[in-house]
1. In sequence order, what are the phi-derived ³J(HN,Hα) couplings for the range 115-125 according to the Karplus relation 6.51 cos²θ - 1.76 cosθ + 1.60 with θ = phi - 60°, rounded to whole Hz, with x for glycine and proline?
2. I'd like the Karplus ³J(HN,Hα) series for the range 138-153: coefficients 6.51, -1.76, 1.60, θ = phi - 60°, whole numbers in Hz, and an x wherever there's a Gly or Pro.
3. With 10 angstrom as the radius, rank Trp30, Trp70, Trp97, Trp108 by how many other C-beta atoms surround their C-beta, starting from the fewest.
4. How many nm separate the modelled label positions at Cys150 and Ser137, each set 7 Å beyond the Cα in the direction of the Cβ?
5. Once both labels are modelled 7 Å past Cα along the beta-carbon direction, what's the Ser54-Ile160 spacing in nm?
6. Along the Cα→Cβ direction, 7 angstrom out, place labels at Met110 and Phe130. What is the inter-label distance in nm?
7. Let a ≥ b ≥ c be the square roots of the eigenvalues of the Cα gyration tensor of the range 109-169; is it rounded (a/c under 1.5), or, if not, prolate (a/b larger than b/c) or oblate?
8. Would you kindly derive the ³J(HN,Hα) couplings of the range 87-93 from the backbone phi angles with the Karplus curve 6.51 cos²θ - 1.76 cosθ + 1.60 (θ = phi - 60°), listing them in order in whole Hz, with x for Gly and Pro?
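None of the figures in this text is laboratory data; all of them are computed from the coordinates on show. Because the structure is predicted, anything quoted here is derived from the model rather than measured. All Cβ positions, glycine included, derive from the backbone under ideal geometry; neighbour counts span all protein chains shown.
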Amino acid sequence: MGDSRLQILVCKTESNVVLNMKLSGFVKLWMPVILWIALIFIGSTDILSSEHTSRFLIPFLRWLDPQITWATLFTVQTLIRKLGHLTEYAILATLLWRALRSGTAWKWKMSIVFAVAWAGCAIFAASDEFHQSFVPSRTSSLHDVIIDVCGALIGLTICIALASRRVLKEERA
């Protein structure tokens, strides 16, 4: 009798350790993805609308060049905002790549991870623009979705290049 209780206790302890390891792995790999998605979502609200970002960007650009024209200011602001789209989705794609490669039990080919991460970014980009259509100070734009998807493509291309390089290095060793 005593041995069976001890075995149950040992099994429960081992399963708790395995569960805690899985949970910490999940948090380590998927929490950055969740937090980044939340940050993008918050940025899609009125907080980072063109009207609000121009309040600090235009004075900064005028400080750099007091003679800057309004047309140039508008162009620079638009360029910075579009680069923001590109960058935030390159980061999202990289975080998704990392989570899918290391944070799942499936051992997928790199091409499958690439496709799943890219599709995830595209779906989120479209839903993010749809969300912006309900925010009075924001506009929804297919061009922004295309920029977001291109940003994801850039991030995933970097990931696949680094992963391929690592695989080649391991094969040589």
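1. Once rounded to whole Hz, the list reads 5, 5, 5, 5, 5, x, 5, 5, 5, 5, 4.
2. With the stated coefficients, the range 138-153 comes to 10, 10, 8, 9, 5, 4, 5, 4, 4, 4, 4, 5, 5, x, 4, 4 Hz.
3. Working: Trp30 17, Trp70 8, Trp97 27, Trp108 13.
Ordered from fewest to most neighbouring Cβ atoms within 10 Å, Trp30, Trp70, Trp97, Trp108 come out as Trp70, Trp108, Trp30, Trp97.
4. About 2.7 nm, to one decimal.
5. Those two pseudo-labels are separated by 3.9 nm.
6. In this crude spin-label approximation the distance works out to 3.3 nm.
7. Numbers: a/c = 4.63, a/b = 3.04, b/c = 1.52.
In terms of gyration-tensor shape, prolate.
8. So the Karplus estimates, Gly and Pro as x, are 5, 5, 7, 5, 5, 4, 4 Hz.
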